[in-house]
Amino acid sequence: MSLVDPPAGSRKRDAEATRAAILEAAKAQFALLGYDCTVLRDIAREAGVDVALVKRYFGGKEALFLAALKASFGTDDVRGWDRATFPHEVATVLAGSPHIDEARTHRFQFLLRAATSPTTAPLLNVLVQDRLLGPIREWLGGAGAGARARILAATYIGFLVERLIRGAPLLGREREEYLTRVTAIFTALITEGDEPT
């Protein structure tokens, strides 16, 4: 047993690591069970901490859920998209297996569960407006950017659900046809075009 307190920087790093572990465990539990069936005790156990620490860092289940939801959105992702390559890159990802990037698939499952719960859907709606549709709208710019952002997000989500259900990559001629058509869909969505009358 040490009679000397650990340096303050060490405590801060431990607190940050603990908070991060709780957040990762929360994302996993909310993705697996949804908001209503997830309990803080299970999150604490998965994070390897006492449930009191979960409450200390996040206050409660709703605040922890909101923090996990915010951590699942990366607004900087949109800023890095290249308009010239985006449609084909997205089509290629969507033609592949959802198991290539388990973390991303897991995050999407978490968001799907949040969307289907009456308790969490309003929280997700606010976050989607702020962290997804807003940045996409800015990235798209031009006439009808709001509608095009919403359609782009809805189209992408629909394709993600299909990929999740399919569970395997597309192959051969079907893959080639898929890539051509999906690339065309996303190209049309990011092209400004004329405003509807």
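Descriptive notes on the structure:
- Of all the numbered requirements in (1) over 25 Å from PHE108 (Cβ atoms); (2) without any contact (Cβ under 8 Å) to a residue 12 or more places away in the chain; (3) not small (Gly, Ala, Ser), CYS37 misses one, and that requirement is (1).
- Criterion violated by GLY48 - all others in (1) surrounded by fewer than 16 Cβ atoms within 10 Å (Cβ to Cβ); (2) small (Gly, Ala, Ser); (3) in contact with a Gly (Cβ under 7 Å, 6 or more places away or on another chain) satisfied: (3)
- From the list GLU176, GLU192, the lone residue that is exposed (fewer than 15 other Cβ atoms within 10 Å of the Cβ) and either part of a helix (DSSP H, G or I) or out of contact with any Gly (no Cβ under 7 Å at 6 or more places or on another chain) (or both) is GLU176.
- Taken over the stretch 115-141, the criterion of being under 11 Å from the mean Cα position of the chain (by Cα) and aliphatic (A, V, I, L, M) is satisfied by LEU124, LEU127, VAL128, LEU132.
- Check on ARG163, over 24 Å from LEU64 (Cα atoms) and either touching a Ser or Thr at 6+ places or on another chain (Cβ under 8 Å) or open to solvent by less than 50 Å² (accessible area, probe 1.4 Å) (or both): yes
- Top-ranked residue in the stretch 46-60 [being among the hydrophobic types (A, V, I, L, M, F, W, C) and part of a helix (DSSP H, G or I); ranked as nearest to TYR178 (Cα to Cα)]: ALA47
- Index of the failed condition, LEU33 passing every other in (1) within 21 Å of the chain's Cα centre (by Cα); (2) modelled with pLDDT of 85 or more: (2)
- Counted residues, the stretch 179-189 - those being β-branched (Val, Ile, Thr) and either open to solvent by 40 Å² or more (accessible area, probe 1.4 Å) or at pLDDT below 95 (or both): 3
The values are calculated or read from the model by the stated rules, or taken from the named source; none is laboratory data. This one's a predicted model, so the numbers in the text were calculated from it and none came from an experiment. Quick reminder, even Gly has a Cβ in these numbers, built from the backbone with ideal geometry, and neighbours come from all protein chains shown. Accessible surface is based on the protein model in full, side chains and every heavy atom, while ligands, DNA and RNA are left aside. Shrake-Rupley method; radii C 1.70, N 1.55, O 1.52, S 1.80 Å.
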